Amino acid sequence: MSSVVTYCDVLLPLALPQRYSYAIPFDLVEFVRIGQRVIVQFGKNKYYSAIVCDIHHRKPAFDAKLIDSIADEFPIVTTTQLQFWKWMSDYYMSTEGEVMSAALPEGLKLNSETKIVFNEQYNGDYDSLSGDEFLIVQMLKAQREITITQIQKALAKKHVYRLLKPIFNLGIAFTAEEFVPKYKTKTENYIRLATVYEDSKKLEDLFGELNRAPKQCDLLLSFLQISKQTRFVRRAELLAKSGASATILNGLLEKKVFEQVRVEVSRLGTFYEDSGVEINLSEAQQTAMNVIEQQFDSKQTVLLHGVTGSGKTEIYIQLIKKQLEAGKQILYLLPEIALTAQIINRLKNYFGSVLGVYHSKFNLHERVEIWHKVLSGEYKIIVAARSGIFLPFQQLGLLIVDEEHDSSYKQADPSPRYHARDAGIVLANLHQAKVLLGSATPSLETLYNCEKQKFGLVRLEERFAAMEMPEVKLENMKFILKKGETPKVFSDYLLNEIQAQLNEKKQVILFHNRRGFSSYQMCKTCQHIYKCKYCDVSLTYHKFQHKLVCHYCGYQEKIEQHCVACGAPDLDIIGNGTEKIEEEIAAQFPKAKVGRLDLDSVRGKHAHELIISSFENHEIDILVGTQMVSKGLDFDDVGLVGVIQADMLLNYPGFRSHEKAFQLLTQVSGRAGRKNKRGKVIIQTNSPDNYVLHAVVAHDFNAVKAMEMQNRQQFHYPPFCRMIQLRVQEKNVIKADKAVLYLANAIRKLNQSEVLGPSAPLVSKVNNYYLRDVMVKTNGKTKDLSSLKIAIRGILDDMKSNAELKSIRVLVDVDPA
């Protein structure tokens, strides 16, 4: 045995500035691999699962501790992922540990304080367990929940992690994080035709045999009608649609005409098999696809700029199919996965079991399972929200970023504050994969990259099946007020158009980007406005809860009958939210079925799917919603979209407000008239002369692009510069002001950038922390940005060595949204 000591550098899931070196015991040297988890002691008594990043013989300057044990037989993280994590920590000014913590599912992160919970549903045996493993199970049965530290003390052993692995594998216990959202696989009975009857002659003979059993014959006909798109039909659906009884179905099962299979269904509630249905592209779609493939010869990244309803998804599907034929994996990013059930259903129906879905609504046990299926290559296609870029792809060939302009791709908190589109392009480059960005309203940064020939550009300028773009009308609400009428939520014009659509059995979407019932509660006598006690923001009234709620920290107050400031009983609810819109539109159209789609209405695991499904099935006539109604929805019978108050979008502070307003209004307008008949959009506004609204009416993206690019260049904003925001968080306002002034002055002394601030943001206090900002601008050159980041890191390090400032928390946001 060699006497040369082997070391490994590991990454811990903590906000630490560096990797740490540990010695590998001689008996484990041949088993340790880069990308594996190893259990290491960090600090006096705490143990963590760490990722091995490097194996070497370089003796560190300190006495290295031994790793405790190996947690995995094979690596769970690829070397490409480790490169990606390193790039992300450097670019977004976070630590590698923070990136690791964001990337790995909680179920793959263990430490000595992790709680182990007994699985009450386990009904297997314990014959395969060793003596110590069985003792752990006995402890779990008695106490139901124990920590790893307690196990170590009870067994008088330090190395207990290897004892837990078989217990986890058998499902006897779970970590607390995995177990809290109790996961139980959902299965349903599906019916399929016996293979022998796929032969048309034998099927014809079967109908002859069933002449004496007309009800069974009718059921078979119903099955064949329902199963045109897929071989499998849900048992409950077959019985409901055919009107047959379970006895008749059981008779066909006994005759072996049908086979019944118990299938694990997806969380979207449907079992899918590759339908094999071919998609026929229109001439415009085929031309666009050909140009995309041509541009991929010379460009890694291509933008598909297609108007709403142009059929971008069909092009995505064809490109995915070609990548599958080449043996590659595909990552399909969507801005908000919970709102795109329609797209997921469509893709699953086409590609079947090689497609997986990954997002935050999965519990942690499910996320670990998906992680391993991507790593093994079982999942060839992943549809995901922004966190999908962290999955362990082995053969990534194509990244699709749908609605690439959407701000949901930007992570706000915690660190790393990455943008999934930008980070995804780097990930694809590491894999030598191609990137397709898709949008009807591309971001100015993406268009700038196209103009600079960094990205390719393909346009799709007509709607699928030659459908016309919707007719957009502006309704001047200021004119209504001038006439002396009482302020209204809905204009008469909008109400009349809604009634006309309902008369034609069409559906209506009403968009209002503020949830809750009303914006705030105010005393008419003393003008006191009820505010959050922890944040510098008014409380929003939620009628369903009958409470005032803070949308920043979650603080709630009950509704008072008398003003807390002056005691007067004259309290009023001011402003409109989606709850109020829903209530008032239901009063206007009592015979119509009204639904609501916003964050409050989709808190349940499948609530969003139920609402979307109800709208698809005409169980809802009028759907009221926030920006959720603009994303990933494709309905045949929406004849009208109404925008209740467009000025909220136009007047929001920030240099991107007009760009975002145009994008959101165009996207929500695109929900109207996607099939059969031209749709209509009515935008209510007090600013009918605003150029953004005129561009929406004319479907003139280039007008907004030209104006915004001119303004951005003149005032030096992205894409003509790069920005870094530093936000101070501190409970003491004097300390916060002092720290942000120190930061601003120190960065100004660098003479490397333009510094804006210090300033207080629009909401200057959240959850009892005062917020202060410094915005730093530099030119777009990567070298200068990198140099600036190094200098800022040095300033932040200096703050930590300053007795007065070392406790101050500074959040760094590179490329803020």
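The values are calculated or read from the model by the stated rules, or taken from the named source; none is laboratory data. Since this is a predicted model, take the numbers as computed values, not measurements. Counting neighbours? That spans all protein chains shown, and the Cβs are built from the backbone with ideal geometry, glycine included. In case anyone asks, the SASA skips ligands and DNA or RNA and just uses the protein heavy atoms, side chains included. Shrake-Rupley method; radii C 1.70, N 1.55, O 1.52, S 1.80 Å.
Data overview
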quantity	calculated
Residue tally, condition open to solvent by 20 Å² or more (accessible area, probe 1.4 Å) and in contact with a Ser or Thr (Cβ under 8 Å, 6 or more places away or on another chain), over the stretch 621-630	0
Residues (open to solvent by 10 Å² or more (accessible area, probe 1.4 Å), part of a loop (DSSP other than H, G, I, E, B) and closer than 30 Å to Lys452 by Cβ) located in the stretch 719-748	Pro719, Phe720
Number of the exception - Ser415 against (1) free of Cβ contacts under 8 Å to residues at least 40 places away in the same chain; (2) not in a helix (DSSP H, G or I)	(1)
Per-region count, the stretch 267-295, residues under 27 Å from the mean Cα position of the chain (by Cα), at pLDDT 85 or above and surrounded by fewer than 19 Cβ atoms within 10 Å (Cβ to Cβ)	0
Restricting the stretch 430-448 to residues that are in a loop (DSSP other than H, G, I, E, B) and in contact (Cβ under 8 Å) with a residue 24 or more places away in the chain, the residue that is farthest from Lys631 (Cα to Cα)	Ala433
Options Ala15, Ala102, Ala64: the member that is touching a Gly at 6+ places or on another chain (Cβ under 6 Å), open to solvent by 10 Å² or more (accessible area, probe 1.4 Å) and either in a loop (DSSP other than H, G, I, E, B) or among the aliphatic types (A, V, I, L, M) (or both)	Ala15
Hits in the stretch 362-396 - residues which are open to solvent by 10 Å² or more (accessible area, probe 1.4 Å) and in contact with a helix residue (DSSP H, G or I) (Cβ under 6 Å, 6 or more places away or on another chain)	Leu364, His365, Val368, Tyr379, Lys380, Ala385, Arg386
Test result for Leu347, over 30 Å from Asn169 (Cα atoms), open to solvent by less than 30 Å² (accessible area, probe 1.4 Å) and either in a helix (DSSP H, G or I) or at pLDDT below 85 (or both)	yes
The lone exception for Gly516 - which of (1) open to solvent by 60 Å² or more (accessible area, probe 1.4 Å); (2) touching a residue at least 24 places away in the same chain (Cβ under 8 Å) it fails	(1)
Matching entry among Leu135, Leu129 (being assigned to a helix (DSSP H, G or I), of a type in the set (A, V, I, L, M) and surrounded by fewer than 20 Cβ atoms within 10 Å (Cβ to Cβ))	Leu135
Tabulated pairs, the stretch 141-170, first in a helix (DSSP H, G or I), second surrounded by 13 or more Cβ atoms within 10 Å (Cβ to Cβ) and of a type in the set (S, T, N, Q), C-beta under 6 angstrom, 6+ apart or interchain	Ile148/Ser112; Ile148/Thr114; Thr149/Ser112; Tyr161/Ser69; Arg162/Ser69
Any hit, the stretch 313-330, residues being open to solvent by less than 50 Å² (accessible area, probe 1.4 Å), under 26 Å from Gly107 (Cα atoms) and among the aliphatic types (A, V, I, L, M)	yes
Hits in the stretch 105-126 (condition: assigned to a strand (DSSP E or B) and open to solvent by less than 20 Å² (accessible area, probe 1.4 Å))	Ile116, Val117, Phe118
Filtered residues of the stretch 142-162 (kept if closer than 14 Å to Asp68 by Cα and crowded, with 17+ Cβ neighbours inside 10 Å)	Ile148, Gln152, Val160, Tyr161
The listed residue being more than 16 Å from Ala744 (Cα to Cα) and outside any loop (DSSP other than H, G, I, E, B), out of Leu762, Leu785, Leu796, Leu756	Leu785
Output for the stretch 18-44, where each listed residue is more than 25 Å from Glu98 (Cα to Cα) and part of a loop (DSSP other than H, G, I, E, B)	Pro25
Search result, residues across the stretch 223-249 that are among the polar types (S, T, N, Q) and over 39 Å from the mean Cα position of the chain (by Cα)	Ser245, Thr247
Residue match in the stretch 310-319 (condition: within 28 Å of the chain's Cα centre (by Cα), at pLDDT below 95 and over 30 Å from Ala698 (Cα atoms))	yes
Meets criteria (more than 22 Å from Asn651 (Cα to Cα) and either in a loop (DSSP other than H, G, I, E, B) or in contact with a Phe, Trp or Tyr (Cβ under 8 Å, 6 or more places away or on another chain) (or both)) for Gln713	no
Number of the exception - Asp422 against (1) open to solvent by 10 Å² or more (accessible area, probe 1.4 Å); (2) touching a helix residue (DSSP H, G or I) at 6+ places or on another chain (Cβ under 7 Å)	(2)
Residue list for the stretch 536-577, filter: of a type in the set (Lys, Arg) and under 22 Å from Lys765 (Cβ atoms)	Lys547
Which numbered condition Thr80 fails, given (1) under 17 Å from Arg162 (Cα atoms); (2) among the polar types (S, T, N, Q); (3) outside any strand (DSSP E or B)	(1)
Filter result (open to solvent by less than 100 Å² (accessible area, probe 1.4 Å) and among the basic types (Lys, Arg)) within the stretch 35-61	Arg37, Lys46
Residue match in the stretch 803-817 (condition: within 29 Å of the chain's Cα centre (by Cα), open to solvent by 60 Å² or more (accessible area, probe 1.4 Å), under 28 Å from Leu539 (Cβ atoms) and charged (D, E, K, R))	yes
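So that you can scan it fast, the table gives a plain yes or no per residue for (1) over 14 Å from Arg192 (Cα atoms); (2) touching a residue at least 40 places away in the same chain (Cβ under 8 Å); (3) touching a Leu at 6+ places or on another chain (Cβ under 7 Å):
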| site | (1), (2), (3) |
| --- | --- |
| Asp205 | yes, no, no |
| Gly208 | yes, no, no |
| Arg212 | yes, no, no |
| Cys217 | yes, no, yes |
| Ala240 | yes, no, no |
| Ile248 | yes, no, yes |
| Glu254 | no, no, no |
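Listed here are the residues, each with its yes/no results for (1) touching a helix residue (DSSP H, G or I) at 6+ places or on another chain (Cβ under 9 Å); (2) of a type in the set (A, V, I, L, M, F, W, C).
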{"residue": "Arg671", "(1), (2)": "yes, no"}
{"residue": "Lys677", "(1), (2)": "no, no"}
{"residue": "Val692", "(1), (2)": "yes, yes"}
{"residue": "Asp700", "(1), (2)": "yes, no"}
{"residue": "Leu726", "(1), (2)": "yes, yes"}
{"residue": "Ala739", "(1), (2)": "yes, yes"}
{"residue": "Ser753", "(1), (2)": "yes, no"}
{"residue": "Pro758", "(1), (2)": "yes, no"}
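For every residue, the table says whether it meets (1) open to solvent by 50 Å² or more (accessible area, probe 1.4 Å); (2) under 20 Å from Leu502 (Cβ atoms); (3) in a strand (DSSP E or B).
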| site | (1), (2), (3) |
| --- | --- |
| Phe662 | no, no, no |
| Gln667 | no, no, no |
| Ala672 | no, yes, no |
| Asn702 | yes, no, no |
